[in-house]
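The values are calculated or read from the model by the stated rules, or taken from the named source; none is laboratory data. No experiment lies behind these values; they were computed from the predicted model shown. Quick reminder, even Gly has a Cβ in these numbers, built from the backbone with ideal geometry, and neighbours come from all protein chains shown. Remember, those area values only see protein heavy atoms, side chains included, never the ligands or the DNA or RNA. Shrake-Rupley method; radii C 1.70, N 1.55, O 1.52, S 1.80 Å.
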Amino acid sequence: TQARINIAIDGPAGAGKSTVARHVARELSYVYIDTGAMYRAVALHMNRRGISPDEPERATEEMKQLQVELIPGDDRQSILLNGEDVTELIRTPEVSLQASKFAQIALIRETLVHMQRQLAERKGTVMDGRDIGTHVLPHAEQKWFLTATVEERARRRYVEWQGKEQITMEQLIKDIAERDHQDATRAISPLKQADDAMLLDTTYMSIDEIVQRMVKQANSILDGE
Ligand code: CDP
Ligand code: CDP
């Protein structure tokens, strides 16, 4: 059988991780795994139960009862909460901020990281998140850290949410800056570039350019084996 690798993609919100990861996975016939969706699903569930991120004990107890499933698909993955498909429901500005708050709770991270490692066990995955290269898959054969200016990242989100959410550019910049800060300063597995990750500032790069760079790099690793 052909050798396969794991590719880890980390970086702040709006850097282009999920778009790029999905394309790279398609080109290599790999499985794309969006770990952010898991944190979002947990946040949605806690909200529904009226549990706030300021109550880590309650959230921890609730997490023990909760079943989160990620079902990889050809183009899109599905995310299930106790069997309910919440793939669409987790894509809101509120859930984004809440996810970042619940993502600070130890048992929530441990549970999801365990699932993520299992999904990558047989290799051939492209996984994106905040701590993939540093913590989830420290031995990933290829690691990338994507960035872009906060203005550009907010602009990308603005374009995405136009017509769907009533949100201003100012509010988006504020939300993203708050999330960057929360994610980079938390105690457990903060957002950080792994020592052996390749840094790409995507502010002026097209999606296709980034994808081609990654695929080329992956092929050179595979050819070398
Ligand atoms: O996953 P992450 O939050 O890092 O970003 P994303 O959801 O992949 O990208 C946010 C938006 O920016 C998407 O609508 C992408 O199509 C767009 N994008 C872009 O216009 N140019 C890039 N170089 C990367 C992403
Ligand atoms: O797509 P976007 O970059 O806006 O966010 P996401 O990747 O869906 O992640 C939502 C939140 O989940 C992040 O702001 C992080 O706080 C958290 N997260 C995390 O802590 N670790 C990961 N591996 C992925 C997401």
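When you look at Asp175, is it acidic (Asp, Glu), in contact with a Ser or Thr (Cβ under 6 Å, 6 or more places away or on another chain) and within 16 Å of ligand 2 (Cβ to nearest atom), yes or no? So Asp175 fails the test.
Please go through region 150-177 and give me each residue that is in contact with a Leu (Cβ under 7 Å, 6 or more places away or on another chain) and open to solvent by 50 Å² or more (accessible area, probe 1.4 Å), ordered by number.
Tyr158
For region 193-209, a residue qualifies if it is under 18 Å from Gly133 (Cα atoms) and touching a strand residue (DSSP E or B) at 6+ places or on another chain (Cβ under 8 Å), and the qualifying residues are Gln193, Ala194, Asp196, Ala197, Met198, Leu199, Leu200, Asp201. Annotation for region 84-106: at least one member residue is farther than 25 Å from Thr185 by Cβ and more than 16 Å from ligand 2 (Cβ to nearest atom). Restricting the first member to region 154-183 and to residues that are over 17 Å from Glu94 (Cβ atoms), and the second to residues that are in a helix (DSSP H, G or I) and open to solvent by 70 Å² or more (accessible area, probe 1.4 Å), the beta-carbon pairs closer than 8 Å and six or more apart or on different chains are Met169/Arg155; Met169/Tyr158. Within region 22-44, does at least one residue satisfy the condition of being of a type outside the set (Phe, Trp, Tyr), over 17 Å from Pro72 (Cα atoms) and in contact with a strand residue (DSSP E or B) (Cβ under 8 Å, 6 or more places away or on another chain)? Within region 22-44 (the criterion being of a type outside the set (Phe, Trp, Tyr), over 17 Å from Pro72 (Cα atoms) and in contact with a strand residue (DSSP E or B) (Cβ under 8 Å, 6 or more places away or on another chain)), the answer is yes, since at least one residue qualifies. Across region 89-137, the qualifying residues are those that are within 16 Å of ligand 1 (Cβ to nearest atom) and basic (Lys, Arg), and the one among them that is least open to solvent (accessible area, probe 1.4 Å) is Arg130. Where strands (runs of 3 or more DSSP E) fall wholly inside region 125-205, the ranges with 3 or more residues that are under 24 Å from Gln77 (Cβ atoms) and not polar (S, T, N, Q) are 125-129, 142-147.
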